[in-house]
Amino acid sequence: MINRNYLGKLALLSFLTVSMVMGSVVGCKKKNVETGDNMQKQSVLTPVTSRVTVHDPSIVLDPSTNTYYIYGSHRAWASTKDLINWTYEENNINADYATIFKSNGEWSSRGSANYNISGNCWAPDVFYNETMKKWCMYMSINGDYYYSSIALATADSINGPYTYAGTVVYSGFTNEEEAAVTDYAKVTGSNVVDERYLTNSGSWDSTYGTNCIDPCVFYDKDGNIWMSYGSWFGGIFLLKLDPATGLRDYTYTYETEKHVSDAYLGLKISGGMGCTGEGSYIVWDEETEYYYLYISYGGLASTSSFSGYNIRLFRSKDVTGPYVDAMGNTGICERPGTVQKQKGIKLFGNYYFSSLDTAPQDSNAQKGYMSGGHNSAIITPEGDRFLIYHTRFNLGTEWHQVRVHQQFLNEDNWPVTAVYEYLGSEIQLAGYDKSEIVGEYEYVNHGLTYSARYTGMLDTLKVTLNEDGTITGDVTGTWE
């Protein structure tokens, strides 16, 4: 049994150093985590949840039913009332995707002679457009050689049926004939593809441009609609959308300025020049008056060379940036070979605590978490903060599940993430007695490093928080 307040307390203690260092440090009080001894008996809860497998989960709340939905790659979606127990969902896109996104599939087929759209409906984001009075699903239709696009389908109900409404942005075009299929001329005034998009061999230059997938659509503090998007080498971009159509706002223009913006792609807010980065997600926080930008670095796998997935965090007072980390570094890479690991607060890497040994069998977490990433985040109407992401496990397979973790603000207004998945625990805002806090902990320093290759688990160390304010064990120091 796990005490409600106890888990919240651990979350707060675990990340006290996030404002002082770029990487995060997490700790778990070892004593009594499994048994609940010495805890208030009236505050216990039963850690039961029905989990789902949704890759790249993007969360949205339907306020009319007080139901949360997540939408992910390969047309997988699920819903929940409590962010604990999930149920798989379907809508007409599950069966009719090839018809709804027919033109996008035709665009992507330019990159492959045997293209099949079935496995290339990736990372959608669902958003309610208050002007249109429509639910808007922004779907990534991926293609080889960057022949990708972000399509819009709309519905009166969050559960559909959805119909095609247009395409927001394209990538991969290399000549006038290809550009004519897109809205490139509508934006730039010509179908002549500027050489900045092309390599010396005439192919799409992915270190300058990007793969047009992974949308995140949101309102800014003034009620304007924006979409961040992009994957890997070319960076993450930001486009202003038209509230009347849900598509690009063609009246809002961008200058072409290296490492800053591009007339067609929009404003660059992270990455580029061959650096990794995908799955951007931006949250406006009314309490702190910051826009928080999440991005996943590395490869999504856990058993192959395409590994090292980890979430990074930046923020800005202005929706258009610059987005910076706790050290003031922007996420933008301006030259090849940039040491990108120094950019962004790393939320967590591959970690294990001994209490996970007793995790339910269906959680897959007994040996620890690996390659957690491609997250979304939400602030509930009650003001609670949550991180939603998919994670793999230390099981020697690529099996993955959705996880929801609480987040809390530290003194510097950075969201810090609880160690364990959310099971209904609440933080005690009045604080905790020192006697509840002192004791033995397991300790993981996530640091900043990561590798695109399989690296195993981070070290789990042991420390003691003593009553006199000292820390002893594998790491020494002080606490307060």
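Bear in mind these aren't lab numbers, they're just calculated from the coordinates by the rules spelled out. Because the structure is predicted, anything quoted here is derived from the model rather than measured. Neighbour counts run over all protein chains shown; Cβ positions are idealised from the backbone, glycine included.
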Let me check I've understood the local charge: for residue 156, count other residues with C-beta under 9 angstrom from its C-beta, Lys and Arg +1, Asp and Glu -1. What total comes out?
+2
So which of 102/341; 134/346; 346/462; 221/341; 240/343 end up more than 28 Å apart, counting from Cα to Cα?
102/341; 134/346; 221/341
For n ≥ 4 DSSP H runs only, could you compute -39500 (n - 2.57) per run for the chain, divide by its residues and tell me the 222 nm figure to the nearest 500?
-2000 deg cm²/dmol
Residue by residue through segment 202-217, the couplings from Karplus 6.51 cos²θ - 1.76 cosθ + 1.60 with θ = phi - 60°, in Hz, x for Gly and Pro, are x, 8, 4, 8, 6, 7, 9, x, 8, 8, 7, 9, 6, x, 9, 10
Phi-derived 3J(HN,Hα) across segment 154-162 with the Karplus relation (6.51, -1.76, 1.60, θ = phi - 60°), rounded Hz, x for Gly and Pro, is 10, 8, 7, 10, 4, 8, x, x, 9
The set of residues whose placed amide H lies less than 5 Å from the amide H of residue 374, leaving out same-chain residues fewer than 5 positions away, is 296
Dipole size in debye (nearest 20) for segment 49-423 around its Cα centre, Lys and Arg Cβ +1, Asp and Glu Cβ -1?
680 debye
In segment 124-232, which trypsin sites (Lys or Arg not before Pro) are in a loop and have at most 11 other Cβ atoms within 10 Å, using DSSP for the loop call?
133
Tell me, what HN-Hα J-couplings in whole Hz come from the Karplus equation 6.51 cos²θ - 1.76 cosθ + 1.60 at θ = phi - 60° for each residue of segment 65-73, using x for Gly and Pro?
10, 6, 10, 9, 10, 10, 10, x, 5
Please rank 128, 443, fewest neighbouring Cβ atoms within 10 Å first, as an exposure proxy.
128, 443
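With contacts defined as alpha carbon pairs under 8 Å and 6 or more residues apart, what's the relative contact order of the chain in percent?
Working: 1257 pairs, mean separation 76.6, N = 480.
Computed value for the chain: 16 percent relative contact order.
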The helix 4-14 Cα axis meets the longest alpha-carbon principal axis of the chain at an angle in degrees, between 0 and 90 and rounded to 10, of 70 degrees
Fewest-first ordering of 471, 269, 158, 141 by Cβ atoms within 10 Å yields 471, 158, 141, 269
Work out how much length residue 306 to residue 221 would gain on full extension: take 0.36 nm times their residue separation and subtract the Cα-Cα distance, in nm to one decimal.
26.9 nm
Formal net charge of residues neighbouring residue 413 (Cβ-Cβ distance under 10 Å; K, R +1; D, E -1):
-4
If each of residue 112 and residue 412 carries a label point 7 Å out from its Cα toward its Cβ, how far apart are those two points in nm?
4.3 nm
On full extension of the chain, what length is gained from residue 249 through residue 367, given 0.36 nm per residue of separation minus the C-alpha to C-alpha distance?
37.7 nm
Cβ-defined net charge surrounding residue 146, 14 Å radius [Lys, Arg +1; Asp, Glu -1]:
-4
Spelling it out for residue 193: with amide H atoms placed in the peptide plane at 1.01 Å from N, the residues 5 or more places away or on another chain with amide H under 5 Å from its amide H are 176
Separation between the residue 327 and residue 192 pseudo-spin-labels, each 7 Å from Cα along Cα→Cβ, expressed in nm?
4.4 nm
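Looking at segment 365-439, which GluC sites (Glu not before Pro) are in a loop (DSSP not H, G, I, E or B) and have at most 16 other Cβ atoms within 10 Å? Don't skip to the answer; put the middle values down first.
Working: sites: 382, 398, 411, 421, 426, 436; in loops: 382, 398, 411, 421, 426.
Taking segment 365-439 and a limit of 16 other Cβ atoms within 10 Å, the loop GluC sites (Glu not before Pro) found are 382, 398, 411, 426.
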Given H placed on each backbone N at 1.01 Å, which residues far from residue 128 in sequence or on other chains put an amide H within less than 5 Å of it?
136
Which FRET efficiency, nearest 0.05, do residue 156 and residue 398 yield, Cβ-Cβ r, R0 25 Å?
0.10
With the dipole of segment 49-423 worked out from charges on the C-beta (+1 for Lys and Arg, -1 for Asp and Glu) around the Cα centre, which of 300, 375, 415 lies farthest toward the positive end?
300
What order do you get for 306, 393 when you list them from fewest to most C-beta neighbours inside 10 Å?
306, 393
Approximate spin-label separation residue 338-residue 453, in nm, with each point projected 7 Å along Cα-to-Cβ:
2.5 nm
The Cα extents of segment 49-423 along the principal axes, largest first and rounded to whole Å, are 61, 45, 44
Assuming 0.36 nm per residue, please report the length gained on full extension of the stretch residue 460 to residue 50 beyond their Cα-Cα distance.
144.8 nm
